[in-house]
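Read-outs: derived from the displayed coordinates by stated rules, not from any lab. What you are looking at is a predicted structure, and each value in this text was computed from that prediction instead of being measured. Cβ coordinates were reconstructed from backbone atoms using ideal geometry, including for glycine residues, and neighbour counts include every protein chain displayed.
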Amino acid sequence: MKMVSAVIKPFKLDEVREALSSMGVQGITVTEVKGFGRQKGHTELYRGAEYVVDFLPKVKLEAAVSDDLVDRVIEVIEGAARTGKIGDGKIFVTNLEQVVRIRTGETGKEAL
């Protein structure tokens, strides 16, 4: 089992969620986060004053998936989240040692 975490632009969330749902991913966790990458933020003009926005709003989504779905999940997220512009985000994949469904006590792949 793997945990797939993706940091994407907020307006792409619905497209990514729909794409994951259509391929059978049953649950995701979404968190509003702020961060910066290579673009290092940007400057904005507000009431005549210029100020620097260091951290840009992003959305982090996480999905626990079985090993056989990982490559497909990455492709789907990448395709749905891509705008072709700087700041599209990143996808991280980590191993999951164990998963337990609290309600039923199921473990492993059955708990997903």
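Things to note:
- Looking across the stretch 14-30, just one residue is surrounded by 13 or more Cβ atoms within 10 Å (Cβ to Cβ) and more than 13 Å from residue 63 (Cβ to Cβ), and that is 15.
- Members of the stretch 64-97 found to be surrounded by 13 or more Cβ atoms within 10 Å (Cβ to Cβ) and of a type in the set (S, T, N, Q), listed by number: 66
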